[in-house]
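Some notes on the structure that comes next.
The values are calculated or read from the model by the stated rules, or taken from the named source; none is laboratory data. These numbers come from a predicted model, not from an experiment. Note that each Cβ is placed from the backbone with ideal geometry, even for glycine, and that neighbours are counted across all protein chains shown. In case anyone asks, the SASA skips ligands and DNA or RNA and just uses the protein heavy atoms, side chains included. Shrake-Rupley method; radii C 1.70, N 1.55, O 1.52, S 1.80 Å.
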Amino acid sequence: MRTKQELTEDIRRERRAALVVNARSRRGRQLYADAHARLLAAGFELLGSYAVDRPGELEKSLTAALAHHPDLLIAGGGDGTISTAGRMLAHRDVALGLLPLGTTNNFARTVGILPDLDEAIATLVDGRVIDVDLGVAGDMSFTNHVGAGLSAEIMINVPGRLKRVIGRIAYPLTALGLLTRHRPLRVTVRADGRELVLTTHQVYVANGGFHAGRPITADAHADDRLLVAYPVGGASKWELVRETARNALTGHRRTLRDQPFLAVGELWLETDRPAHVEVDGEPCGATPLRVAVDPNALRIMAPPGTPDH
C-alpha cells in the first residue's frame, strides 16, 4: 500500500484513471460526455469509462473499472453512487475522485467539493489524497448517513422521474404525502454504556457533516472517528416538520455538544417495531441495527488544504 503522498504524486504524474458516472442521477446523463472530455483535456488517461443507465449495473461497472488498476477511480452521481463506490474502494490502494452530480451531494460537501463540475475536476487535477472514515451499518459500509423511520419510507416511495425533474424538492413533497399516515417509533440508542430512549418519526446516524445538502453541525465531518446520532422532532408530526426546518436553517451554528446530538464511535439502534432503514439514500434492511466507524477506511482526492487526521 502506497502512502497518501506517494499515491498523490503518482496520480499527478501518471494521470491513470477510470471513470464511472451514474447516468440515471439527476445530472449524470447530461454531464457524462462533458466530464469525459474535460478529464481528457486535463491530461488524464482514462483506462475505462462507463455511463451507467440501467438499475443494478453500477457495481458491475465499478468492478470493471477497478480491473484496469487505476490510481484514481472517478465516480459521478449522487450520494448513493458515491457511497457504493466508497464501499468498493475501502482499504484499497486507489483514490476515489468525486464528481457530485446528484440531488444533495452530502458527502462531497463534507469534504469540501461543491456540486460544480469545474471545481470538481480542478480538485482531481490539483488536489491531494487524504483518508476519511466510513460508517458501517450492519455489514454495509457507507459514506454519509443511516436513516431509520420516515426517511427510509421516502426513499422507497419517491418517484425517480420527479427527483430528476425538480431535484431535492421531491423529497419533502413525498414526505408530506407519507406523513399523514406515518406512526412514530419508540427508538432506543445504546452506546458507551448509555441508553437513550425517545419517541420520534425519524432518527439519523451520520458519518459526514451534511444532510439534505445542509450542515448537520458546524463541527461534524468525515474524519473525526465519530458517528452523530440524532432524532428529528418527537412524537408529533408538527415537531418533525418544525425540527426539519430548524436543522436546515441552523445546522451551521450548532455543535456536537448541543442537544439532541450523540457523538460516539459505535451504537446499537433498536425500535419498538421493525423500521425500514436507508443508507445514503438507498433502502437497506430494517432495525435493529449496529452502526460503527471504520477509521480512515477510504482514500479520496480532496481540495488542497482539506484537513487530514
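Values computed for the structure shown
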{"quantity": "Residue match in the range 145-166 (condition: in contact with a helix residue (DSSP H, G or I) (Cβ under 8 Å, 6 or more places away or on another chain), open to solvent by 40 Å² or more (accessible area, probe 1.4 Å) and modelled with pLDDT of 90 or more)", "calculated": "no"}
{"quantity": "Output for the range 173-216, where each listed residue is assigned to a loop (DSSP other than H, G, I, E, B), within 21 Å of Pro100 (Cβ to Cβ) and open to solvent by less than 20 Å² (accessible area, probe 1.4 Å)", "calculated": "Asn207, Gly208, Gly209, Gly213, Ile216"}
{"quantity": "Cβ-Cβ under 7 Å pairs, at least 6 apart or on other chains, the range 243-256 side surrounded by 14 or more Cβ atoms within 10 Å (Cβ to Cβ), far side among the hydroxyl-bearing types (Ser, Thr, Tyr)", "calculated": "Gly251/Thr217; Arg254/Thr217; Leu256/Thr217"}
{"quantity": "Subset of the range 27-48 (residues that are in contact (Cβ under 8 Å) with a residue 12 or more places away in the chain and either assigned to a helix (DSSP H, G or I) or crowded, with 19+ Cβ neighbours inside 10 Å (or both))", "calculated": "Arg27, Gly28, Arg29, Leu31, Tyr32, Asp34, Ala35, His36, Arg38, Leu39, Phe44"}
{"quantity": "Exclusive hit being closer than 25 Å to Thr104 by Cα, basic (Lys, Arg) and either in contact (Cβ under 8 Å) with a residue 60 or more places away in the chain or touching a strand residue (DSSP E or B) at 6+ places or on another chain (Cβ under 7 Å) (or both), set Arg24, Arg54, Arg15, Arg2", "calculated": "Arg24"}
{"quantity": "Selected residue (criterion: farthest from the chain's Cα centre (by Cα)) from residues of the range 280-309 that are acidic (Asp, Glu) and within 22 Å of Ala212 (Cα to Cα)", "calculated": "Glu282"}
{"quantity": "Filter result for Ser83 (part of a helix (DSSP H, G or I), buried (at least 24 other Cβ atoms within 10 Å of the Cβ) and either among the hydroxyl-bearing types (Ser, Thr, Tyr) or modelled with pLDDT under 95 (or both))", "calculated": "yes"}
{"quantity": "Unmet requirement for Asp131, which otherwise passes all of (1) surrounded by fewer than 24 Cβ atoms within 10 Å (Cβ to Cβ); (2) not in a strand (DSSP E or B)", "calculated": "(2)"}
{"quantity": "Matching residues in the range 91-123 - criterion: being within 11 Å of the chain's Cα centre (by Cα), part of a loop (DSSP other than H, G, I, E, B) and surrounded by 24 or more Cβ atoms within 10 Å (Cβ to Cβ)", "calculated": "Gly102, Asn105, Val111"}
{"quantity": "Failed item, numbered, when Pro304 is tested on (1) farther than 30 Å from Ile121 by Cα; (2) modelled with pLDDT of 85 or more; (3) open to solvent by 50 Å² or more (accessible area, probe 1.4 Å)", "calculated": "(1)"}
{"quantity": "Hey, Trp238 open to solvent by 50 Å² or more (accessible area, probe 1.4 Å) and at pLDDT below 80 or not", "calculated": "yes"}
{"quantity": "Count of the range 218-235 residues which are open to solvent by less than 40 Å² (accessible area, probe 1.4 Å) and farther than 20 Å from Val187 by Cα", "calculated": "4"}
{"quantity": "Of all residues making up the range 267-291, the number that are part of a strand (DSSP E or B) and either touching a Leu at 6+ places or on another chain (Cβ under 7 Å) or open to solvent by less than 10 Å² (accessible area, probe 1.4 Å) (or both)", "calculated": "8"}
{"quantity": "Test set (1) without any contact (Cβ under 8 Å) to a residue 60 or more places away in the chain; (2) open to solvent by 50 Å² or more (accessible area, probe 1.4 Å) - Ala75 fails condition number", "calculated": "(2)"}
{"quantity": "When residues of the range 1-26 are limited to those that are hydroxyl-bearing (Ser, Thr, Tyr) and not in a helix (DSSP H, G or I), the one surrounded by the fewest Cβ atoms within 10 Å (Cβ to Cβ)", "calculated": "Thr3"}
